[in-house]
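Trainee: Encoded as structure tokens, here's the structure I'll be asking about.
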Amino acid sequence: MTPDSLRAALRGVPDPDWLDTALRRVAAEPTDITRLFPAAGRRCGRAALPDAPGWTADDAARVLLLTALPADHADHADALYRHGDAAERRAVLRALPLLPIGAAGVPLLHDAIRTNDTRLVAAALGPYARHLDPAAWRQAVLKCVFTGVPLAVVADLDARADGELAAMLAALAAERHAAGREMPTDATDLLDRLTAHSGGTGTVDRSTPTEA
């Protein structure tokens with residue numbers, strides 16, 4: 001999602017004038033975001049947005065507030081996350097890929113992934129997760145499997161999945177089978193894809209084929 005598409009999806013919020021004013025205030029007085037950010041749920045509502053599947057009005061409004069800041073995006077995102085409730089933290093995580101902060105928000109991803117809040121885990125595995133190093137990303141994918149977060153939320157899953165992730169999933173599948181428990185279907189499907197890609201060896205071959 002882009003700021004423009006989120007703004008369009010928020011056309012029917014209960015108090016559009018409040019949002020317009022809040023965005024102008026944040027652009028002019030960045031510190032005002034500390035009181036406007038929490039208020040977004042009350043003023044814009046928490047309903048799902050038909051034109052932005054998977055988004056709620058408060059999520060979208062809070063993301064727009066962060067993108068409206070003129071500077072210091074990383075510092076504001078960190079403070080709002082650290083002091084926010086679960087809904088506010090999720091909005092910060094969803095805003096990260098839209099902010100000009102490079103990898104400065106990675107500590108927030110690590111914090112979210114350590115929690116057992118599936119909403120935060122899912123938000124942390126969005127597009128901004130490209131900044132996670134491979135080992136941390138693999139562990140985050142396993143966290144999704146453990147906590148029941150659908151792997152469909154993991155951005156660039158097939159592009160980043162590798163032989164090490166396949167081995168980790170295979171070990172988890174064997175452990176669960178021994179305990180009489182099943183793996184989630186999406187995790188089994190991913191393991192099947194990785195195994196097929198590696199020719200059944202359990203190691204995904206991502207080398208460039210040589211010409212015959």
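The values are calculated or read from the model by the stated rules, or taken from the named source; none is laboratory data. Every value quoted in this text rests on a predicted model; they were computed, and no experiment measured them. To get the accessible areas, we keep the full protein, side chains included, count just its heavy atoms, and leave off ligands, DNA and RNA. Shrake-Rupley method; radii C 1.70, N 1.55, O 1.52, S 1.80 Å.
Trainee: Among 29, 182, 164, what's the order by accessible area (1.4 angstrom probe), most exposed first? Mind showing how you got there, number by number?
Mentor: On the way: 29 85, 182 160, 164 110 Å².
In descending accessible area the options line up as 182, 164, 29.
Trainee: Kindly provide the helix-only [θ] at 222 nm of the chain, computed as the sum of -39,500 (n - 2.57) over DSSP H runs of four or more divided by all residues, to the nearest 500 deg cm²/dmol? Before the final figure, lay out the partial values.
Mentor: On the way: 12 runs with 127 residues, N = 212.
For the chain, the value works out to -18000 deg cm²/dmol.
Trainee: Moving on to the next point. Match the structure shown to one of the listed values (1) -0.57, -0.93, -1.42; (2) -0.68, -0.93, -1.17; (3) -0.64, -1.00, -1.39 of log10 I(q)/I(0) by the Debye sum over Cα atoms at q = 0.12, 0.15, 0.18 Å⁻¹, computed from it, and give that label.
Mentor: (2)
Trainee: Next up: Computing the accessible area with a 1.4 Å probe over protein heavy atoms, can you report the carbon and sulfur percentage for the chain? Can you show the working numbers first?
Mentor: Working: 5630 of 10670 Å².
Taking all protein chains in place, the chain shows 53 percent carbon and sulfur surface.
Trainee: Would you please state the base-10 log of I(q)/I(0) at q = 0.15, 0.18, 0.21 1/Å for the stretch 75-123, with intensities from the Debye formula using one equal scatterer on every alpha carbon?
Mentor: -0.31, -0.46, -0.63
Trainee: Of 110, 73, which has the most accessible area with a 1.4 Å probe, and how do the rest follow in descending order?
Mentor: Numbers: 110 70, 73 20 Å².
The residues order as 110, 73, largest area first.
Trainee: Further, regarding this structure: Compute the accessible area per residue over the stretch 112-173, keeping the other protein chains in place, probe 1.4 Å, unit Å².
Mentor: Details: 2600 Å² over 62 residues.
For the stretch 112-173, the per-residue accessible area is 42 Å².
Trainee: Using the reciprocal of the averaged 1/r over all distinct C-alpha pairs, how large is the Kirkwood radius of the stretch 10-52 in Å? Don't jump to the answer; show the numbers that get you there.
Mentor: On the way: mean 1/r = 0.0916 Å⁻¹.
Kirkwood radius, the stretch 10-52: 10.9 Å.
Trainee: Further question: What translational D, rounded to a whole number of µm²/s, comes out for the stretch 103-191 from Stokes-Einstein when the hydrodynamic radius is the Kirkwood one over Cα pairs, at 10 °C and 1.306 mPa s? Let's see the in-between values first.
Mentor: Details: Rh = 13.2 Å.
Here the translational diffusion coefficient equals 120 µm²/s.
Trainee: Can you tell me the length gained on complete extension of the stretch residue 118 to residue 87, counting 0.36 nm per residue apart and subtracting the Cα distance? Before the final figure, lay out the partial values.
Mentor: Numbers: separation 31, 0.36 × 31 = 11.16 nm, distance 1.17 nm.
Additional length available on full extension: 10.0 nm.
Trainee: Thinking of the stretch 1-103 as a set of Cα atoms, what percent of all their pairs are more than 22 Å apart?
Mentor: Details: 972 of 5253 pairs.
Tail of the P(r) past 22 Å holds 19 percent of the pairs.
Trainee: Tell me, what is the percent relative contact order of the chain, built from C-alpha pairs under 8 Å that lie six or more residues apart? Write down the numbers at each step before the final one.
Mentor: Values: 242 pairs, mean separation 27.1, N = 212.
Relative contact order here is 13 percent.
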